[in-house]
Amino acid sequence: MGDRSEPTEPHDGDASAAYERIADAVFALDGEWRFTFLNDRAERLLERSESQLVGTVVWDDYADAFESTRRAFERSFETQEPVSFDAFSESFGSRLEGRVHPSETGVTVCVREVNDRNGRETGTRERERALRDAYEVIADPERPFDDQLAALLGVVRRTIGTEYAALSCVHEDANEYIFEAVDAPPDADIEAGDTAPLEATNCERVVSTERTLVLEDVDEDAPELADRAGNAEWGISCYLGTPVTVDGEVYGTFCFYDLDARTEEFSDWEVTFVELLGNWVSAELERRRYERELEESNERLEQFAYTASHDLQEPLRMVTNYLSLIDRRYGDELDDDAEEFIEFAVDGAERMRDMIDGLLAYSRVETRGNPFQSVDLDAVLEDVRSDLELRFEETDAVVSSESLPRVEGDPGQLRQVFQNLLSNAVEYSDGPPRVQISAERRGDMWEISVSDEGIGIDPDDQERIFEVFQRLHSHEEHDGTGIGLALCRRIVERHGGEIRVDAEPDEGATFRFTLPATPDS
């Protein structure tokens, strides 16, 4: 556009006629931002006549078109200097180029549309590319979080047009701001691990308010922050940051800044883009904290189980040995009651040993499991059949199965799941056991079903049976430690699946659990 640094007031008759002859849209606003004049081109651009618009406030009727350029309008009027602007308008579907010319009573705006269709397509393509780039970063499960974060900072920084990007961790009590991750120019005097007083940063405002802070020009938008070291000494002139929260508390900020003030406002889409990805960072940090806590809990559980097994196994072994010694040495002198008492004591010690072994196995599901691999469930089932062959023969059990799929998993642990479920099906039958095993594909998981015709389970107990040491029957009625199903759940959950039971008393039970499918299954 040509430079019209000293335009004539449009209210002048000759000026109005001149403005009608030029190709640009021209409109005038008074000091309250109300329309006072529009030429024909402006009426066509705004799709309303001068009589309809005069006296109305530009921001009320055309917020989408001109709200992003409001800073240019205000700066021109305040400084009494012409200001140029360039912005994309969703409502017009085009990019607007313009220049604001001030007067003592208002401003005159000259504006033109640039490549209407191409402007819209370019803006849409840019946004689609930004979203695609961000998705490719966060959707890669094999990519380390630190790499994801570094790439994501770069994607957002380039998209919104700043030179600096950072994820911070803050400690309000210690007034400490820590740069956890940084994306900045090669010659920037900043890197991950650097610290600063929290009160020296714009991020302190984000942390204290727990809201996104948008500053196109720090000096004008937030003069109370301009003297802070981060702005005055480091030269930060524009800023966009959103809070990162973990477990409901502010962890830090996801922020972007530059050493030059922006002539255009950050668009609503840009602010939303930053907030959206800031939310992903929050969720990912929360997930990683949960995983660390779970890992620590598992380690404590295993240490407890190991200590308990080590401390209890030896006394149990001693009790069993001495009871056996008494039986051998004094067996001829003991009456039937004494023999029965010894038998009960030995049986109790053996059950206690089985419970300790079960607890140790339960505690080690996460820490002692093998890496996942492609597992043929037909082969796993065949091994379990072989292990339980004698038990099946003794009870006349019949186990039938459809062809089972391959899954991603730990073969040893999956063998434990099948062995526990089949053992239970045999144990809790009131006649010759009949067991049916089948599989059904459900999305990226396989659902395995193990159905029996046994004594069933009361609906009120169908969740409790998966808890550690929860038994529904006495030892006189049925053997077991009360750990088998809890172990099954823990193994299935390690595989990213779920396990449940559908059952009614005296009508059998069907245990269903899901496992991840292999890519080719």
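The values are calculated or read from the model by the stated rules, or taken from the named source; none is laboratory data. In this text the structure is predicted, and so the values were computed from the model without any measurement. Glycine gets a Cβ as well: all are built from the backbone with ideal geometry, and neighbour counts include every protein chain shown. Each accessible area value is taken on the protein alone, full model and side chains, heavy atoms only, with ligands, DNA and RNA left out. Shrake-Rupley method; radii C 1.70, N 1.55, O 1.52, S 1.80 Å.
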| query | For the pair Glu136 and Arg464, how long in nm is the line joining their label points, each one 7 Å along Cα→Cβ? | reply | 5.5
| message | Please list 3J(HN,Hα) in residue order for the stretch 239-246, calculated via the Karplus relation 6.51 cos²θ - 1.76 cosθ + 1.60 where θ = phi - 60°; whole Hz, with x for glycine and proline. | response | 7, 9, x, 10, x, 10, 10, 9
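On full extension of the chain, what length is gained from Asp327 through Thr105, given 0.36 nm per residue of separation minus the C-alpha to C-alpha distance?
Numbers: separation 222, 0.36 × 222 = 79.92 nm, distance 11.28 nm.
Here the segment from Asp327 to Thr105 would lengthen by 68.6 nm.
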| query | After finding the eigenvalues of the alpha carbon gyration tensor for the stretch 245-296, what semi-axes result from the square roots of 5 times each, listed largest first in whole Å? | reply | 31, 11, 8
| Segment Arg287-Phe392, length gained on full extension (0.36 nm per residue, minus Cα span) | 33.3 nm
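Which chymotrypsin sites (Phe, Trp or Tyr not before Pro) from the stretch 144-223 combine a DSSP loop assignment with at most 10 other Cβ atoms within 10 Å?
Details: sites: Phe145, Tyr164, Tyr177, Phe179; in loops: none.
In loop regions of the stretch 144-223 (DSSP not H, G, I, E or B), there are no sparsely surrounded chymotrypsin sites (Phe, Trp or Tyr not before Pro).
Based on the Cβ-Cβ distance of Ala192 and Asp260, what FRET efficiency does E = 1/(1 + (r/R0)^6) give at R0 = 30 Å, to the nearest 0.05?
Values: r = 24 Å, r/R0 = 0.79.
Once rounded, the FRET efficiency stands at 0.80.
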| query | Points 7 angstrom from Cα along the Cβ direction at Asp376 and Asp147: gap in nanometres? | reply | 3.4
| task | Can you tell me which of 250-263, 395-408 comes out highest on packing, and rank the rest after it, using the mean Cβ neighbours within 10 Å? | result | 250-263, 395-408
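Out of the GluC sites (Glu not before Pro) in the stretch 132-202, which ones are loop residues according to DSSP with at most 10 other C-beta atoms within 10 Å? Display every interim value, and only then the final one.
Numbers: sites: Glu136, Glu142, Glu163, Glu172, Glu176, Glu180, Glu191, Glu199; in loops: Glu142, Glu163, Glu172, Glu191.
Here the sparse-neighbourhood loop sites are Glu142, Glu191.
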| Given the stretch 94-214 reduced to its alpha-carbon atoms as identical point scatterers, what log10 I(q)/I(0) does the Debye formula return at q = 0.12, 0.17, 0.20 Å⁻¹? | -0.70, -0.99, -1.12
| note | Taking 0.36 nm per residue of separation between Asp430 and Ser400 and subtracting their Cα-Cα distance, the length gained on full extension comes to 8.9 nm
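Quick check: with the 1.4 Å probe, what order do His171, His101 take by accessible area, largest first?
Details: His171 85, His101 5 Å².
Of His171, His101, the descending order of accessible area is His171, His101.
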| remark: Non-local residues with an amide H under 5 Å from the amide H of Gly252, with H modelled 1.01 Å from N and Pro and chain starts lacking one, are Val170, Val244
| query | If you take the charge dipole of the stretch 158-286 about its Cα centre, with +1 on Lys and Arg Cβ and -1 on Asp and Glu Cβ, which of Thr263, Cys169, Val246 is farthest toward its positive end? | reply | Val246
| request: Roll a 1.4 angstrom probe over the protein heavy atoms and tell me the percent of accessible area of the stretch 373-453 that is carbon or sulfur. | output: 41
| request: Enumerate the calculated ³J(HN,Hα) couplings along the stretch 411-425 in order (Karplus 6.51 cos²θ - 1.76 cosθ + 1.60, θ = phi - 60°), each rounded to whole Hz, writing x wherever the residue is Gly or Pro. | output: x, x, 6, 5, 5, 4, 4, 4, 5, 5, 5, 6, 4, 5, 4
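Per the Kirkwood treatment, what hydrodynamic radius in Å, one decimal, follows for the stretch 199-289 from the mean inverse distance over all distinct Cα pairs? Before the final figure, lay out the partial values.
Details: mean 1/r = 0.0744 Å⁻¹.
Hydrodynamic radius (Kirkwood, Cα pairs) of the stretch 199-289 is 13.4 Å.
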